[in-house]
Amino acid sequence: MHTYVLNDGNSIPAVGFGVFEVPADGTTYQAVRRALDAGYRHIDTAAAYNNEAEVGRAIRDSGIPREDIFVTSKLWIQDYGLKKAGLAIRLSLAKLGLDYLDLYLLHQPYFDVQGSWLALEKARDEGLVRSLGVSNFTARLWQEHIPRFATVPCLNQVEFHPFFQQRDLRPLLEAQGVLLAAWSPLGHGMRELLTHPLICDMAARYHREPAQIILRFELQEGCVVLPKSTNPAHMASNLALFDFGLNDRDMEALRSLDTNHGTRDPEEPGRAEYLLAKYHVRSLA
Ligand SMILES: NC(=O)c1ccc[n+]([C@@H]2O[C@H](COP(=O)([O-])OP(=O)(O)OC[C@H]3O[C@@H](n4cnc5c(N)ncnc54)[C@H](OP(=O)(O)O)[C@@H]3O)[C@@H](O)[C@H]2O)c1
């Protein structure tokens with residue numbers, strides 16, 4: 001598996017398996033077991049997905065050594081603030097049944113961002129978390145918050161796919177050696193993306209699936225990709241990205257699909273309150 005080196009010296013597998021909206025009724029367990037069997041070694045979950053316990057059980061039951069699997073989770077906004085965040089990190093670890101997380105992110109750029117980041121730094125210093133990052137920080141929010149952090153995040157997980165290529169944000173991240181991790185790398189399964197004529201034409205020319213063209217584009221742009229699938233055939237093909245490459249002309253053509261708009265705008269008024277009301281992290285069952 002191809003890896004990137006983070007700005008703190010740790011490594012991260014370039015392809016991760018995302019479990020957003022995968023139900024915790026056995027489906028997450030089965031999906032993560034299948035993903036690990038298919039060769040994934042990077043799992044992306046979050047406290048707000050309420051499926052950490054199944055992720056952890058699948059990891060343990062896989063028999064794969066813990067150090068061979070990169071596990072990310074994220075702090076939900078109901079737990080922001082120095083004290084609450086410290087407890088929330090421990091709750092995530094308890095649900096996962098793990099001693100440490102490879103990567104832990106501030107899931108959203110709202111409320112007490114500074115106090116929460118201090119809690120993440122403390123957890124890293126205590127050995128509970130190896131690397132620290134953020135998520136959904138736009139260029140403006142990055143410039144507002146990051147200069148006040150003692151530790152520069154190693155990664156910003158944001159929406160990224162050919163229709164939204166984060167042109168404002170990427171130079172800021174590159175300047176500080178910060179990786180971009182692409183959420184919804186397949187546009188959340190958006191039909192217009194997966195059936196776009198340009199992408200389908202490339203898929204035919206490279207003898208690949210449209211999804212593989214999209215993910216390969218994102219990798220060549222230097223992103224970590226986090227495709228989600230509960231379909232075993234898709235899981236396998238979303239990982240088979242390292243035995244071909246897109247040429248410069250095709251990369252340029254894919255860059256031209258950018259619309260400069262995502263499906264969700266973190267700066268939209270009321271977004272923080274909407275998210276706080278929508279997702280609630282449950283306590284340990
Ligand atoms: N930090 C954040 O705020 C945030 C927000 C959203 C997502 N994320 C992360 O990013 C991950 C992925 O994002 P996402 O779940 O929105 O969507 P995604 O990976 O862009 O798309 C998932 C959809 O694409 C379909 N799909 C997957 N592989 C395919 C293939 N090879 N061919 C055709 N269709 C395919 C899936 O259906 P099948 O199951 O049928 O394959 C599913 O409907 C999440 O699980 C989560 O870990 C983070």
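Here are some notes:
- Burial ranking of peptide ranges 149-156, 21-28 (average Cβ count within 10 Å, highest at the top): 149-156, 21-28
- Shape box of the stretch 170-285 [Cα atoms, principal axes, largest first, Å]: 48, 37, 28
- Beta bridges by DSSP in the chain, antiparallel share as percent, to the nearest 5: 15 percent
- The stretch 3-278, dipole about Cα centre (Lys/Arg Cβ +1, Asp/Glu Cβ -1), debye to the nearest 20: 380 debye
- Each of the peptides 201-209, 9-17, 275-283 was scored by the mean count of other Cβ atoms within 10 Å over its residues; in descending order, highest first, they stand as 9-17, 201-209, 275-283.
- Report note on the peptides 222-230, 90-98, 238-246: ranked by the mean count of other C-beta atoms within 10 Å, highest first, their order is 222-230, 90-98, 238-246.
- Debye-sum result for the chain in log10 I(q)/I(0), which assumes one identical scatterer on each alpha carbon, at q = 0.09 Å⁻¹: -0.40
- FRET efficiency estimate (nearest 0.05) - Cβ-Cβ, Glu192 to Asp168, R0 22 angstrom: 0.45
- Computed FRET value (nearest 0.05) for Tyr274 with Arg90, which takes r as the C-beta separation and R₀ as 30 Å: 0.65
- Calculated [222 nm] ellipticity per residue, helices only, for the chain: -11000 deg cm²/dmol; basis is -39500 (n - 2.57) per DSSP H run with n ≥ 4, divided by all residues, nearest 500.
- In order through the stretch 63-70: 3J(HN,Hα) via Karplus (6.51 cos²θ - 1.76 cosθ + 1.60), integer Hz, x for Gly, Pro: x, 7, x, 3, 5, 8, 10, 9
- Cα-based shape type of the stretch 40-169, given that a ≥ b ≥ c are square roots of the gyration tensor eigenvalues and the cut on a/c is 1.5: oblate
Each reported figure results from applying straightforward, stated rules to the coordinates on display, with no laboratory input. Keep in mind that what you see is a predicted model, and the values were worked out from it rather than measured. Glycine also receives a Cβ, built like all others from the backbone with ideal geometry; neighbour counts cover every protein chain displayed.
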